[in-house]
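One structure below.
The values are calculated or read from the model by the stated rules, or taken from the named source; none is laboratory data. Just so you know, these numbers come straight off a predicted model, no measurement behind them. Cβ atoms come from the backbone with ideal geometry, glycine included; neighbour counts cover every protein chain shown. Just so you know, the surface numbers come from the protein's heavy atoms only, side chains and all, with ligands and any DNA or RNA stripped out. Shrake-Rupley method; radii C 1.70, N 1.55, O 1.52, S 1.80 Å.
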Amino acid sequence: MNDHNYMWEALLEAKKAFTKGEIPIGAVIVQNGQIIARNHNRREELHDPTAHAEILVLREAGKVLGGWRLPETTLYVTIEPCPMCAGALIQARVTRVVYGARDSKAGAVHSLYSITTDERLNHRLEVSAGVLEDEARELMQQFFKLRRKR
């Protein structure tokens, strides 16, 4: 599989969030060509402000791998990670992050901050942006359009 295939899997997770009334962001973590964790935003469902898709998949991957370090993993997420999630990726020692659409209001990989590549930190990630960007952006726009109608 390639970046597009894994991002489609993240988009499937985002669609699950959409159907639950959660902000539609989905994520998967891949190691050695296998998806080892998948999830979507669940803040409303879990009553947890930290229940972002990225945080949930990091927790799952840690259980699968038996530790908090997630070496040689790639996180695929539909929307650019926020500061909390970008920091968690650094802490988890994720190797690479691939995201779909930028987040001009909270993005911490390129848009507002560059946490994942900041040379002052002890770990940096390889970053690929814009994978299935249109599809990720469209899903978010649909969600907020529906929300505004209510």
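Select from the stretch 113-131 the residues that are touching a residue at least 40 places away in the same chain (Cβ under 8 Å) and not in a loop (DSSP other than H, G, I, E, B) and list them in ascending order. It would help to see each step written out before you state the result.
Just the residues of the stretch 113-131 that are touching a residue at least 40 places away in the same chain (Cβ under 8 Å), to begin with: 128-129, 131.
If the condition is that a residue be touching a residue at least 40 places away in the same chain (Cβ under 8 Å) and not in a loop (DSSP other than H, G, I, E, B), then SER128, ALA129 are the ones that fit.
Regarding the stretch 82-101, can at least one residue be identified that is under 13 Å from the mean Cα position of the chain (by Cα), in a loop (DSSP other than H, G, I, E, B) and farther than 15 Å from ALA53 by Cβ?
The answer is no; no qualifying residue exists.
If you check THR19 against the conditions, is it hydroxyl-bearing (Ser, Thr, Tyr), surrounded by fewer than 20 Cβ atoms within 10 Å (Cβ to Cβ), under 14 Å from the mean Cα position of the chain (by Cα) and more than 13 Å from LEU89 (Cα to Cα)? Before the answer, list the steps.
Values: hydroxyl-bearing (Ser, Thr, Tyr): yes; surrounded by fewer than 20 Cβ atoms within 10 Å (Cβ to Cβ): yes; under 14 Å from the mean Cα position of the chain (by Cα): no; more than 13 Å from LEU89 (Cα to Cα): yes.
For THR19, the condition - hydroxyl-bearing (Ser, Thr, Tyr), surrounded by fewer than 20 Cβ atoms within 10 Å (Cβ to Cβ), under 14 Å from the mean Cα position of the chain (by Cα) and more than 13 Å from LEU89 (Cα to Cα) - is not met.
Would you please name the residue that is most open to solvent (accessible area, probe 1.4 Å), looking only at residues in the stretch 6-16 that are closer than 15 Å to TYR99 by Cβ and not aliphatic (A, V, I, L, M)? Can you show your working first?
To start, the set of residues in the stretch 6-16 that are closer than 15 Å to TYR99 by Cβ comprises 6-11, 13-14.
Among the residues that remain, those that are also not aliphatic (A, V, I, L, M) are: 6, 8-9, 13.
Details: TYR6: 14, TRP8: 113, GLU9: 48, GLU13: 6 Å².
Here the residue is TRP8.
Select from the stretch 28-54 the residues that are of a type in the set (A, V, I, L, M, F, W, C), more than 13 Å from LEU132 (Cβ to Cβ) and in contact (Cβ under 8 Å) with a residue 40 or more places away in the chain and write down the one among them that is surrounded by the fewest Cβ atoms within 10 Å (Cβ to Cβ).
If we filter the stretch 28-54 for residues that are of a type in the set (A, V, I, L, M, F, W, C), which is where we start, we get 28-30, 35-37, 46, 51, 53.
Among the residues that remain, those that are also more than 13 Å from LEU132 (Cβ to Cβ) are: 29-30, 35-37, 46, 51, 53.
Within this subset, residues satisfying the condition of being in contact (Cβ under 8 Å) with a residue 40 or more places away in the chain are 29-30, 53.
Working: ILE29: 28, VAL30: 23, ALA53: 31.
Among those residues, the one meeting the criterion is VAL30.
Residues that are aromatic (Phe, Trp, Tyr) and over 23 Å from SER111 (Cα atoms): which helices (runs of 4 or more DSSP H) entirely in the stretch 1-80 hold 1 or more of them? Step through it out loud before you land on a result.
Values: elements: 3-19, 43-46, 53-65.
Per the criteria, 3-19.
Kindly indicate the residue of the stretch 128-143 that is open to solvent by less than 40 Å² (accessible area, probe 1.4 Å) and touching a His at 6+ places or on another chain (Cβ under 9 Å) and also farthest from ALA17 (Cα to Cα) among those meeting that condition.
Initially, the stretch 128-143 is screened for residues open to solvent by less than 40 Å² (accessible area, probe 1.4 Å), giving 128, 130-132, 136, 139-140, 143.
If we keep only those that are touching a His at 6+ places or on another chain (Cβ under 9 Å) as well, we get 131-132.
Numbers: VAL131: 19, LEU132: 18 Å.
Filtering the stretch 128-143 for residues that are open to solvent by less than 40 Å² (accessible area, probe 1.4 Å) and touching a His at 6+ places or on another chain (Cβ under 9 Å), the one farthest from ALA17 (Cα to Cα) comes out as VAL131.
Need pairs with beta-carbon distance below 7 Å; first residue modelled with pLDDT of 95 or more and within the stretch 1-24, second crowded, with 18+ Cβ neighbours inside 10 Å and among the polar types (S, T, N, Q); sequence gap 6+ or separate chains.
As it stands, the answer is ALA10/THR78; LEU11/THR78; GLU13/ASN39; ALA14/THR78; ALA17/ASN41; GLU22/ASN41; ILE23/ASN41, since those pairs meet every condition given.
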